Structures are given as structure tokens and as C-alpha cells.
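S.K.: This is the structure I want to talk about, given as C-alpha cells.
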Amino acid sequence: MNKILLHKLKEALLAVLPITIIILILNFAVSPMDSLQLVSFIFGAVLLILGMGLYSLGCDTAIEPIGGHIGAKITESRKVWLILIVCLILGVIVTIAEPDLSVLAAQVDGMIGKWELILAVAFGVGLFMIVSVLRTVLKISLNYVLIFFYGVLFLLAAFSDAGFIPLAFDSGGVTTGPITVPFIMALGVGISAVLGGKNSQDNSFGMIGICSIGPIIAVLILGLVNDASSLEYTLSVPETFSTFGEVMRCYAESLPHYLGEVAIALAPIVGFFLIFQIFVLKLHVRQLLKIIIGILYTYIGLSIFLTGVNVGFMPAGQYIGGALAKVSRWLIIPVGMVVGACIVLAEPAVHVLNKQVEEITGGTITRSTMLKVLAISMACALGLSMLRVATGISIWYMILPGYAVALTLSFFVPKIFTAIAFDSGGVASGAMVSSFVLPMAKGACEILAPGQTMTLAFGSVALVALAPLISIQILGVTYKRKTAIYKRTFLSEEDTFLNFEVD
């Protein structure tokens, strides 16, 4: 276990180091932070590494096995009504446990309270988990499901208050983070293995992509009955420190808060699993003990990760955004692209998805290939996000053609690429995006477009969620072309299966 933990910490170090170096370079090149605020940021980066390593280990030993065991067990009965009820309950409680959603909800004030937003999003996920299972049972093509519900979504958006649209699409992005991704992915694998038939590999993916639609529709419905002028955003005031001891005290006071939040968030999942264990699963004591230890790793790791993100990275993002905007409104665009390419490495859920993609596809789609494509798409997404802040372009001009391209591509690529693409969209927009990129955009908005933060800064997460839908499917087009060339060149007509690495 110690060797595995060291390996996870090494992976976390390599993931967090690039974005940390970029921020340090920007800090000294543009407008240096106070020395103690800089110390706070560096200490936050250390906590990110430690937290991500522990979380990753806990995810492998607890969250994924729990989702897999429950998914496989409930489908053994082949009672569709039971599967749907369990998926609804799991969708709600896992989403409430999602820290990314809490981070976003904490940045919005007004008529919609934090818990009203969280519960609306949670039920949106639960209902669309039912949709995802019914798709697998009825063997409906994923692209038809996506086209129908995105059509409903854009119809609702046309009648919703414009101020709710960026928030709605952001809600869909942050819902799928470090808790929901491994759980829903494992649940989807378990269900599709039993119900998916010959298309079980394709059906293993796509659940996250479908579940990301539910929160958008839920918030848009809130937009039909609420006035966007009641929405306000919270702009955190950076802590001022006079001694190193105050920096440490700030972290020491914040850690119990996040320990409590993560405990409350994980409690329903743990409780549901224990009930399932007692009455249905009946796992061996050794398996159960391993899962319990994994839950502890997840709990401690996620608490440390969120403390580092919120105390160290969020104020730094807001400061950097404001400092860049003061220098030049156009400077934030290339800087945003560099930050986007690096920040995807620090998203815990991205590494979970990439690992499962490589395993499910038997190495056909490697982790490194996925990471490269996601890094490029994140760079483009953050560039567009900062372009909106700099110019005031409506989000409609980006999301409408973007989704049109993504849905059109779904008819020209292998089905598994469409499923992975829509899953990747939700995964890429995780804790680091909502806790660093969104504050960075808000900081820039305060300088360049005061009073328009709700419509210009919010929506950054939405564009991050959109970009992989296009880029991963373009990868699918490349794969399809290479496969066709290889078959024509080397394979006889009798060969029907090809498995090679695309890079």
C-alpha cells in the first residue's frame, strides 16, 4: 500500500506542478502578490498534491468498487423498476456529495439559495441516470438521446431568463467531479455488463454525458420562474496576513470546515453502501475492510484537496485575473489558454476517466492520448472564455454552434468515441476549473466589465465542458480513418476486429 501511495503522490506532483509554475511565473511577471499570500498559494499547492494522491488511492480501493458492486448486483435481478429506483437515489445522493457543485453554489447568491440550487441539480442528475439506464435497456443509440434532450434544453434556454443560461451550463459541468465520476462510471460499467449485450463496451460510457444534461435543464426551469436580476455573485476578499503563523492558522481553521463538508457529503453514499452490504452484497470481511480503508483515504484526501484549492488557489486565481486585466484586456486570452492546457492535469476526475477509458478499450485509446486531446481542448475553451470577458460576446454565439458541431459529429464517428466525448466534457470541468478558472474570470470581469460578471465570467465552466465533445470526436474521426486504411492494407475480408493504439 505504501508503494502504491508513493506512486499516486508522484502522479499528483506531476499533475499539479505545471499549473503551479505557470501561476508563479505570472505572479512575478505581471504583479507580484504579497509575500505571505504567495506562501499561502504554495502551501495550497502542496495540499493539492497530498490530497490528490490520497483521493486517487481511495477512489481505486473504495469509490469505484462500491459503484461496480452495486451496479452489477442490482442488474443481476433484471428488474428494471428496481434498477431505476436505485439509480435515482444514487444519482441524488452522489451529486449532493459532489464538492465541485458546492464550490459553484457558494459563489452564487440571491433568490436561489445554495441548497435550492444543489437539490435542483441533484434531482436533475438522478432523473437523467434513469434516462441513461433506459437507453441501455431499450438499446437506443446515444446520439439520438443526446439530440432529443439537447433540443429540449435549448428550447428551455430560449424562454429562460438570459442571466440563468451561463449558470445553468456551468451547473452541468461541475456536477461530474471527483465523487460522481468514478461512482457513475463504475455503476455504468456494472449495468452495461449485464444489460448491454454485444454493445456493452459502448454502453459503459455515455452515462456521465447524459447525466450532465439534467442539471442544465433543472437550472433553466428555475430560470423560468425566477428573475435573473435577483442573482448575485460572491467575490472573495483575499486574506491579508502579517505573519507566517497567520497563514498556517488560516489553513488550520479551514481544514475542519472541509472535513465536515466532505463527511456530510460522503455519509449518504457510505450509508447506502452499508445497507446494501448488509442485505444484498454480503462482501467478504477482507473486501469490506479494504473498502472502508479506501473511504478513509477518499475522505481525508478530498478534504485536504478542497482546503488547498479554496484557501490557496481561489484567491490566487482572482488576483491573477484582475492583475492581467489591468495590464491588457487581450493578455488574458493567451494566458487563459496556457492555464487551460495545464489545469486539466490537476483535475482528479480526468485521471479517473482516462484510466477507465484505457482499461475498457483494451489500450486502444491510451491515457496519454486522452490527456493530450483534453489539454488542447481545454486551452481552446479557456481562450474562448477569456475572449468573452474581454469583448462581452454572448455565450449563445459559442454554445449553440459548438453543440451543433458536436451532435453532428456523433453521426460520423464510432459510437464509443461519442460516449467518451460527452463523458469527458463533464469530467474536464471539475474542482480546479470552478475554484481557479471561474475566480480568474471573475477577477478580470471586475476590471473589464463591472456588473456583468454573472453573464460573462459564469459560462467559463460551460465552455470547458463543451470543448472535449468536439475534440474527442475529432479523435474518433482520425481513429476511423486509420482503421479503414489499416484494414484495406493488411487485413482480409474475414477480419472483423482491430485493436491498435491510436496516438
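The values are calculated or read from the model by the stated rules, or taken from the named source; none is laboratory data. None of these values were measured; they are calculated from a predicted model. Every residue, glycine as well, gets a Cβ built from its backbone with ideal geometry; the counts of neighbours run over all protein chains shown. Surface accessibility is based on the protein's heavy atoms, side chains included, excluding ligands, DNA and RNA. Shrake-Rupley method; radii C 1.70, N 1.55, O 1.52, S 1.80 Å.
S.K.: Nearest 10 degrees is fine. How inclined is helix 285-307 to the longest principal axis of the chain, computing both from alpha carbons?
M.R.: 30
S.K.: So what J values fall out for segment 412-418 if you push phi through Karplus, 6.51 cos²θ - 1.76 cosθ + 1.60 with θ = phi - 60°, rounded to Hz, Gly and Pro as x?
M.R.: After applying 6.51 cos²θ - 1.76 cosθ + 1.60, I find 10, 10, x, 4, 5, 5, 5 Hz.
S.K.: According to the square roots a ≥ b ≥ c of the eigenvalues of the Cα gyration tensor, what is the shape class of the chain, taking rounded for a/c under 1.5, prolate for a/b larger than b/c otherwise, and oblate for the remainder?
M.R.: On the way: a/c = 1.43, a/b = 1.26, b/c = 1.13.
It comes out rounded by the Cα gyration axes.
S.K.: I've got another one for you. Heavy-atom accessible area per residue, the chain, 1.4 Å probe: how many Å²? Mind showing how you got there, number by number?
M.R.: Details: 19320 Å² over 503 residues.
So the chain comes to 38 Å² accessible per residue, rounded to a whole number.
S.K.: Right, something else. What is the set of long-range amide H partners of VAL108 at a cut-off below 5 Å, with H atoms built 1.01 Å from backbone N?
M.R.: For VAL108, the qualifying residues are THR234.
S.K.: Further question: Tell me the carbon and sulfur percent of the accessible area for segment 1-40, rounded to whole percent, probe radius 1.4 Å.
M.R.: Working: 1670 of 2330 Å².
Accessible surface attributable to carbon and sulfur in segment 1-40 totals 72 percent.
S.K.: Which stretch or stretches of segment 399-416 have amide N atoms under 13 Å from the point lying 7 Å from ALA484's Cα along the Cα→Cβ direction?
M.R.: Residues 412-414 qualify, since their backbone N sits under 13 Å from the label point.
S.K.: Still on this model: Carbon and sulfur atoms: what percent of the 1.4 Å accessible area of segment 282-357 do they account for?
M.R.: Numbers: 2010 of 2780 Å².
Here it works out to 72 percent.
S.K.: So what J values fall out for segment 330-339 if you push phi through Karplus, 6.51 cos²θ - 1.76 cosθ + 1.60 with θ = phi - 60°, rounded to Hz, Gly and Pro as x?
M.R.: 8, 5, 5, 6, x, 5, x, 5, 5, 4
S.K.: Could you list, in their original order, any pairs among LYS139/LYS290; LYS139/LYS482; LYS79/LYS290 whose Cα atoms are separated by more than 32 Å? Mind showing how you got there, number by number?
M.R.: Values: LYS139/LYS290 35 Å; LYS139/LYS482 28 Å; LYS79/LYS290 30 Å.
Distance filter (> 32 Å) returns LYS139/LYS290.
S.K.: For the chain, what does -39500 (n - 2.57) per DSSP helix run (n ≥ 4), summed and divided by total residues, give at 222 nm, in deg cm²/dmol to the nearest 500? Could you put the intermediate results ahead of the total?
M.R.: On the way: 23 runs with 375 residues, N = 503.
Computed mean residue ellipticity for the chain: -25000 deg cm²/dmol.
S.K.: Between ILE21 and SER141, 0.36 nm times their residue separation minus their Cα-Cα distance comes to what?
M.R.: Details: separation 120, 0.36 × 120 = 43.20 nm, distance 4.37 nm.
Taking ILE21 through SER141 to full extension adds about 38.8 nm, to one decimal.
S.K.: Kindly identify segment 378-434 as rounded, prolate or oblate by the Cα gyration tensor criterion: order the square roots of the eigenvalues as a ≥ b ≥ c, call it rounded if a/c is under 1.5, otherwise compare a/b with b/c, prolate if a/b is larger, else oblate.
M.R.: Oblate, because a/c is 1.5 or more while a/b does not exceed b/c.
S.K.: Still on this structure: Helix 244-276 versus the longest principal axis of the chain: what is the Cα-based angle in degrees, 0 to 90, to the nearest 10?
M.R.: 20
S.K.: Further, regarding this structure: With a ≥ b ≥ c taken as the square roots of the eigenvalues of the C-alpha gyration tensor of segment 337-414, please select rounded if a/c is under 1.5 and otherwise prolate if a/b is larger than b/c or oblate if it is not?
M.R.: Details: a/c = 3.22, a/b = 1.46, b/c = 2.21.
Cα axes put segment 337-414 in the oblate bin.
S.K.: Additional query: Do you know the relative contact order of the chain, to the nearest whole percent, from alpha carbon pairs under 8 angstrom that are 6+ apart? Working shown, then result.
M.R.: Details: 869 pairs, mean separation 121.2, N = 503.
Result for the chain is 24 percent.
S.K.: Across segment 437-443, in residue order, what do the Karplus-derived ³J(HN,Hα) couplings come to in whole Hz, using 6.51 cos²θ - 1.76 cosθ + 1.60 with θ = phi - 60° and x for Gly and Pro?
M.R.: Running phi through 6.51 cos²θ - 1.76 cosθ + 1.60 with θ = phi - 60° gives 5, 4, x, 4, 5, 5, x Hz.
S.K.: Next question, about the same structure. Going by accessible area, probe 1.4 Å, with all protein chains left in place, what is the ranking of GLU76, GLU358, largest first?
M.R.: My answer, sorted largest first, is GLU76, GLU358.
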